[in-house]
Ligand code: IMP
């Protein structure tokens, strides 16, 4: 019995889905604790590819329990679509393998409208570049204590009453400020009802389920979404998501006390970012293009091209301090093949001195200059390497350099999208 957590150390899209899928054989229960369908976790098996936005990435084996914790925000329509897509891929979702906390907040149509209208109304540099999935407005309602929770789906009258209570304020914003069409309560109820009816059997006390699993000696795996630099408190505010992505939130976001036996920090071998916001090591040049093309760096939720750049040890040091990984999982190492030399950002120059951790002031990350160390690259195809010893010398040196700098061993190295392309 143990608790394992998998989390993203950068700006999301580190390849957490593959790592959770790989480690799923060690866990019986896999639980999401934050974020919503702004996430896109890609799983590749020998003959199929699945992109999951809400359902935990442990869903592929038939004997696992996947849970959606209270810290998640859930779009009922998206979840139902995901269940249908999995069904088409031969994976059956039933209340036996999926549970939803009754305390999980629901993303309503007005959250999505507001998210998009707000972004549209902002001028270019102020845009966050959200995924437009209604994530921020839904978390806002949770904090304002006017949110609608998954448990409310059991009572149609309550659902309608809560929608009616929320709508005047939403419509005032939509109509007066954003010049958008107002929404009608009955119409929203009509949209939600078929999904709600389908999802009610999946409602569970997730906190209790986790306790029962632990009492039965089972291993629970907590699946993070996004990455540390998108954390609402610790990320590059205001260009962040609306939830705490750090490991500490696994506790509050599921209703289980924090005691992680293993914390796996997923580190992409270079850095990417999708959406607006500072990105000190971004390479707007052929190097960035190499990473973008070779790494197929397109957002799995929005299809947007990801910005790409060198590995940044400054943000990774902070991720280690905030989240305490016991192990690193370094992903997409193969993408760096073909680059003669590889740079790693070891510090930032900020206000005339070198700093080892990101500065704390808002937008200060836009004012730093990365200090690089240059390492030799290589052109060998490493995608079939099965052990660390199979890797070319320079690739091994790169991994060792990261391990030393972050004082954490890299026990997983991914050299391609397939499950088999992993050095454990
Ligand atoms: P939101 O989460 O849709 O509000 O978007 C806020 C910021 O977080 C935007 O820059 C998004 O591109 C980014 N973001 C949200 N979810 C993910 C993710 O799963 N991977 C990468 N970036 C994300």
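The values are calculated or read from the model by the stated rules, or taken from the named source; none is laboratory data. Note that this is a predicted model, so its numbers are computed, not measured. Glycine also receives a Cβ, built like all others from the backbone with ideal geometry; neighbour counts cover every protein chain displayed.
One line per residue, one yes/no per condition, for (1) away from the ligand (no atom under 12 Å from the Cβ); (2) touching a strand residue (DSSP E or B) at 6+ places or on another chain (Cβ under 7 Å); (3) assigned by TED's automatic domain parsing to the domain that holds residue 184; (4) farther than 20 Å from residue 35 by Cα:
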| residue | (1), (2), (3), (4) |
| --- | --- |
| 56 | yes, yes, no, no |
| 66 | yes, yes, no, no |
| 71 | yes, no, no, no |
| 96 | yes, no, no, yes |
| 112 | no, no, yes, no |
| 129 | no, no, yes, no |
| 142 | yes, yes, yes, no |
What residue, among those in the stretch 243-259 that are in a loop (DSSP other than H, G, I, E, B) and surrounded by fewer than 21 Cβ atoms within 10 Å (Cβ to Cβ), is modelled with the lowest pLDDT?
258
Looking at the stretch 36-130, what strands (runs of 3 or more DSSP E) fall wholly within it and have at least 3 residues that are surrounded by 17 or more Cβ atoms within 10 Å (Cβ to Cβ) and modelled with pLDDT of 95 or more?
65-68, 98-101
Does the stretch 309-329 contain at least one residue that is part of a strand (DSSP E or B), surrounded by fewer than 23 Cβ atoms within 10 Å (Cβ to Cβ) and more than 16 Å from the ligand (Cβ to nearest atom)?
yes
Of the residues in the stretch 17-35, those that are in contact (Cβ under 8 Å) with a residue 60 or more places away in the chain and not in a strand (DSSP E or B) come to 18, 19, 20, 21, 22, 23, 24, 26, 27, 28, 33, 34
When restricted to 383, 379, 366, the only residue in contact (Cβ under 8 Å) with a residue 40 or more places away in the chain and touching a helix residue (DSSP H, G or I) at 6+ places or on another chain (Cβ under 9 Å) is 383
Test for residue 341: is it outside any helix (DSSP H, G or I), in contact (Cβ under 8 Å) with a residue 12 or more places away in the chain, touching a strand residue (DSSP E or B) at 6+ places or on another chain (Cβ under 9 Å) and within 16 Å of the ligand (Cβ to nearest atom)
no
